[in-house]
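The values are calculated or read from the model by the stated rules, or taken from the named source; none is laboratory data. Everything numeric in this text was worked out from a predicted model, so none of it was measured. Reconstructed Cβ throughout: ideal geometry from the backbone, glycine too, with neighbour counts over all protein chains shown. These accessible areas exclude ligands, DNA and RNA; they are computed on the full protein's heavy atoms, side chains included. Shrake-Rupley method; radii C 1.70, N 1.55, O 1.52, S 1.80 Å.
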Amino acid sequence: MSKTILITGGAGFIGSNLCDYFLSKGNRVICLDNFATGHRHNIDYLLVNKNFQLIEGDIRNSEDCKKAVNGVDYVLHQAALGSVPRSIVDPITSNDVNISGFLNMLVASRDAGVKRFVYAASSSTYGDSENLPKVENIIGKPLSPYAITKYVNELYAEIFSKTYGLETIGLRYFNVFGRKQDPNGAYAAVIPKFVLQLLKGESPVINGDGNYSRDFTYIDNVIQMNELAMETQNPDAINTVYNTAFGDRTTLNDLVFYLKEYLSEFDKSIKDIQVIHGPNRIGDIPHSLASIEKAKRLLNYNPKFSFNEGLKEAVKWYWGNLK
């Protein structure tokens, strides 16, 4: 049966992929975005779809939130100001969007009788915890203003579940990558940034010695997790948080090796590009690796794409869209 789904931040990287997917399943999709970091070209082609509605608005404005949730069954809340470095440069705006905006969306969803509120949480919540793999119930102290905002989201969601009966599920995203991820700008994610540099024949700059590792997670696994979180009927699976990842880690050195390998299938000269190493970045977590056992157990999560499978798909997309 078709559902009405609000996707906040629906013009962004993850949000626009969610819009595509849930429209393809015959649902009605409403996108709320202020285009601070999202792009119109990510959703322009959807505007002709009678099941798609764009609301240009800001989650910091409670009236925009109320308008967006009207008649909605489910909220997939992706809107946020991402990036650890951005939050260090400007903590106030990150706080306004990620905490005040989040609270506005919770209140609007509660008042509108939304069935379930699924939101983008973050692996940054693990902070200085050295435990590997990362297990949902063991976190450390946050290492950046961004990490604080995402942890506060989880606290607010829990309170709204307990106090108001709003069903919530948080998805702690681990280094998501894939089609539509923006390679431009000061706060571009590492994979599209490196791809763009390599396509231009430039040397990618790795922060530190390149041995920091990440649980890089392909976009289709994230879509799968959002769908499972939205649709689960298991009472034990709601009002909690899940790692949203593949469950393996890759060093930055290995990442560049694979990128050069896959891109050189299109342009052989890319294989010879040398890497530059710069200083470590403030607020960066050295290693990130998720346990996905909880998601497997409670949501029947089984990620479809490994890191390498996803990277090949992403490289193909970037080759077709960036060069």
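General observations
- Taking the accessible area of the chain, probe 1.4 Å, and keeping the other protein chains in place, the carbon and sulfur fraction comes to 49%.
- With contacts taken as Cα pairs under 8 Å at a separation of at least 6 residues, the chain carries a relative contact order of 16 percent.
- Helix axis angle, 307-322 relative to the chain longest principal axis, alpha carbon, degrees: 90 degrees
- Degrees, to the nearest 10: 190-199 long Cα axis against longest axis of the chain: 40 degrees
- Averaged over its residues, the stretch 168-227 has an accessible area of 29 Å² per residue, based on protein heavy atoms and a 1.4 Å probe.
- Cα centroid of the stretch 69-97 to Cα centroid of the stretch 177-226, whole Å: 20 Å
- Accessible-area order (highest first, 1.4 angstrom probe) of the listed residues His287, His41, His77: His41, His287, His77
- Ellipticity estimate at 222 nm from DSSP helix runs (n ≥ 4, -39,500 (n - 2.57)) divided over the chain, nearest 500: -11500 deg cm²/dmol
- Size of charge dipole - the stretch 1-145 - debye, nearest 20, with Cβ of Lys, Arg +1 and Asp, Glu -1, no other charges: 460 debye
- Per DSSP, loop trypsin sites (Lys or Arg not before Pro) in the stretch 222-317 with at most 16 further Cβ within 10 Å: Arg281, Lys304
- Over 23 Å apart at the Cα level, from the set Lys134/Lys180; Lys25/Lys312; Lys115/Lys304; Lys25/Lys150; Lys66/Lys115, are Lys134/Lys180; Lys25/Lys312; Lys115/Lys304; Lys25/Lys150.
- Area projected by the alpha carbon convex hull of the stretch 1-91, averaged over all directions, nm²: 6.0 nm²
- Between helix 13-24 and the chain: long-axis angle, C-alpha atoms, 0 to 90°, nearest 10: 60 degrees
- In the chain the longest region clear of GluC sites (Glu not before Pro) that are loop-assigned by DSSP and have at most 14 other C-beta atoms within 10 Å covers 1-129.
- DSSP bridge pairs, the chain: antiparallel proportion in percent, nearest 5: 5 percent
- Against the criterion of solvent-accessible heavy-atom surface with a 1.4 angstrom probe, Ile270, Ile282 sort, most first, into Ile282, Ile270.
- The simple spin-label model puts a point 7 Å past each Cα toward its Cβ; for Lys3 and Thr251 those points are separated by 4.2 nm.
- When you filter the trypsin sites (Lys or Arg not before Pro) in the stretch 83-144 for DSSP loop state and at most 15 other Cβ atoms inside 10 Å of their Cβ, you are left with Lys115.
- Each Lys and Arg contributes +1 and each Asp and Glu -1, all at the Cβ; summed about the Cα centre of the stretch 166-323, the dipole is approximately 260 debye.
- In terms of accessible area, using a 1.4 Å probe and ignoring ligands and nucleic acids, Tyr74, Tyr156, Tyr45 rank largest first as Tyr45, Tyr156, Tyr74.
- Comparing Cα centroids, the stretch 1-56 and the stretch 275-318 end up 24 angstrom apart.
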